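Worksheet: the structure to be examined is printed underneath.
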Amino acid sequence: MAVVVWVVEGTWPACVDAARTHVPEGTDIVLLHVSGPDVPGAGHGAYAGLLGRGHPELDPGTRMERLAATSAERLLRAAAERLGRPCTRVERAGRVEREVVAAAERADLLVLARDGDRTRLGPRSLGHTSRFVVDHAPCAVLLVWPEPAPDLGTIPPPPHHP
Amino acid sequence: MLAFAVMRPWGWAEAVVAVPAAAVLIGTGAVPVHQAAAETARLGPVVGFLAAVLVLAHLCDAEGLFRACGDWMARAAAAKPRRLLVQVFVTAALITAVLSLDATVVLLTPVVFATAARVGVRPKPHVYACTHLSNTGSLLLPVSNLTNLLAYAASGLSFTRFAALMGLPWLVAIATEYAVFRRFFATDLGAGAPPPGAGQPPERPVFALATVAGTLIGFVVASAFGVPPAWVAAAGALVLAARALPGRGTSPLAVVRAAALPFLLFVLALGVVVRAVVDNGLARALDDLIPSGAGLLGLLGTAAVAAVLANVINNLPAVLVLLPLAAPAGSGAVLAVLLGVNIGPNLTYAGSLATLLWRRVMRAHRTEVDLGEFTRLGLLTVPASLVLAVVALWVSLRVIGG
């Protein structure tokens, strides 16, 4: 059995904890982090918009690409420490939702966190990236709450039929 | 020439083509020599100021001002993404207003990214906020944006009057952006962050802060005595340089590079070229498009034309084209042009269609951003903040008077 744990800023501790609780000892665990191109891209774009500045080495997008690599490494290290078991750390770059699905190709289970608007539970409690991953994952999915799961009292009353 | 400036083949400086192009136009008589000289004399103080403020921002960076901003934001945010967004909005708006949009794009954006990573929150809303505020936040002072400097010279307003008239539009535009960002990035902002670790107490770059504050006061005082702001900014840069140069994170060569001499030449040449284009037909073509009324509708129309033009070409040539047409209608129309060219570029990733198209062709970076998302964000923020900012400008003009 192989398990992929998708590590995302903010919500990853819940995913790592779920893997520790629900995945049997001795299973291959992959901690996966994906860096999207959009944040450094916004930097490239903003610098390109400053007409005539020259100096490509000042492009903030390039500096953010380097910073992103360091911060991803640190995040995966923190996740591995929290897991406290042997695991593989994988860093991928590209369109986040597609990279996650591709990385889960040979896995039996993918662990991810709910990361949409959790103040009103319903379709929007999954953000569009996690929605894509849940819909297209080539394996079973374990969807965890980043905070303690809500109780049954949060379910709205059934619609009234005359 | 504009195409060249956007494409920059072989990594040449923009000035390599802009300066000969200006020379050819003068040589062929498209621009009479005396007019080219007048245009250059008009742009001279603006370009001088630009050099001084670029150096000032570089020295502030060497003094650790931006690192300190990062430390301050991280502490004040206390691992809450929404609170960090507020800190980023405040910091980026102030840095842009005082040290110009270049400082926000080049120096603050990477610091904001590093801060978000350190706090453990998703960086996207905060980095996008920086890029948006480098435009929207540049409305306040004549020194915040090169476009403002050009308009300031044309409007005949004093430094304080300019700031007083633009204060309300500045606040309104930023508040509108904030409201849209909170909704647009609700997912990323709701993701939370690990509890804050014990960070080191941040350094306080008191000297840099005091110099910047002194420079700001200097702008106001100098404006009252008719001294160009370039001298004040140069004085501020000199004070910081005297302290920073003896081995405090910068070198004389780095300071000279920060002044970006090829860029200054480019601005001068661009002024002459645009003058030629405007005088040889563009003025007549655009004259019908610029509304003449100084009422609310006239201001809205002027700002809309400016925003569209800034998105098609780029805001720098756009403001050079529109200023001679708007200036006769009074300072209200000039400031409306500014609202358009400063807020407008948030609509397109890379500031204008010209830049964007070229980057798509070049694929300068292997993976491009999700243009759909960036454009959706622009469509939500730009029209709303532009209309509200123009209304705010109209109110300011009624209350304070142009």
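Computed values, structure above
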| item | result |
| --- | --- |
| Shielding of A:72-78 by partner chains, average beta-carbon count, 10 Å | 1 |
| Shielding by partners - mean other protein chain Cβ count within 10 Å, residues of A:89-98 | 1 |
| Average other protein chain Cβ within 10 Å of Cβ, residues B:93-103 | 1 |
| Amide H within-cut-off set for A:Ala2, under 5 Å, with H built and near neighbours excluded | A:Asp108, A:Leu109 |
| Cα-projected label distance for B:Ala38 with B:Glu203, points at 7 Å along beta-carbon direction, nm | 5.1 nm |
| Shape category assigned to region A:1-76 from the gyration tensor of Cα positions, a/c cut at 1.5 | prolate |
| Where a label projected 7 Å from the Cα of B:Ala327 along Cα→Cβ would reach, residues of region B:23-47 with amide N under 19 Å | B:31-47 |
| B:Val399-A:Glu25 pseudo-label distance in nm [points 7 Å out on the Cα-to-Cβ vector] | 7.0 nm |
| Extension gain from B:Leu171 to B:Leu388, taking 0.36 nm per residue of separation minus the Cα-Cα distance | 77.1 nm |
| Sequence-distant residues sharing a close amide H with A:Leu31 (under 5 Å, placed H) | A:Val5, A:Thr88, A:Arg89, A:Val90 |
| Long-range HN-HN contacts of A:Ala113 with modeled amide H, under 5 Å | A:Val144 |
| Å² of accessible area per residue within region B:135-227, as computed with a 1.4 Å probe and no ligands counted | 43 Å² |
| Estimated buried accessible area (total), pair B and A, 1.4 Å, Å² to nearest 100 | 3500 Å² |
| Gain upon complete extension [B:Val308, B:Asn280; 0.36 nm per residue less C-alpha separation] | 7.9 nm |
| Mean projected area (nm²) of the alpha-carbon convex hull when chain A is viewed from all directions | 13.2 nm² |
| Summed residue charge, Cβ within 13 Å of A:Gly10's Cβ, Lys/Arg positive, Asp/Glu negative | +2 |
| Residue-wise HN-Hα coupling along region B:147-161, computed from phi with Karplus coefficients 6.51, -1.76, 1.60 (Hz; x: Gly, Pro) | 4, 4, 4, 5, 5, 4, 5, 7, 7, x, 7, 7, 4, 5, 5 |
| Carbon/sulfur fraction of accessible area - region A:2-149, other protein chains in place, 1.4 Å, % | 51 percent |
| Rounded if a/c under 1.5, otherwise prolate or oblate - region B:140-246, Cα gyration tensor axes | oblate |
| Surrounding net charge for B:Asp71, when Lys and Arg each add one and Asp and Glu each subtract one, Cβ distance under 13 Å | +3 |
| Accessible area per residue, Å², chain A with all protein chains present, probe 1.4 Å | 52 Å² |
| Segment A:Val141-A:Arg85, length gained on full extension (0.36 nm per residue, minus Cα span) | 18.1 nm |
| Protection proxy ranking of A:147-156, B:47-56 - average other beta-carbon atoms within 10 Å, highest first | B:47-56, A:147-156 |
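The values are calculated or read from the model by the stated rules, or taken from the named source; none is laboratory data. From a predicted model like this one, the values you see are computed outputs, not experimental measurements. Cβ: placed from backbone, ideal geometry, glycine included. Neighbour counts: every protein chain shown. Quick note on the areas: whole protein, heavy atoms, side chains included, nothing else; ligands and nucleic acids left out. Shrake-Rupley method; radii C 1.70, N 1.55, O 1.52, S 1.80 Å.
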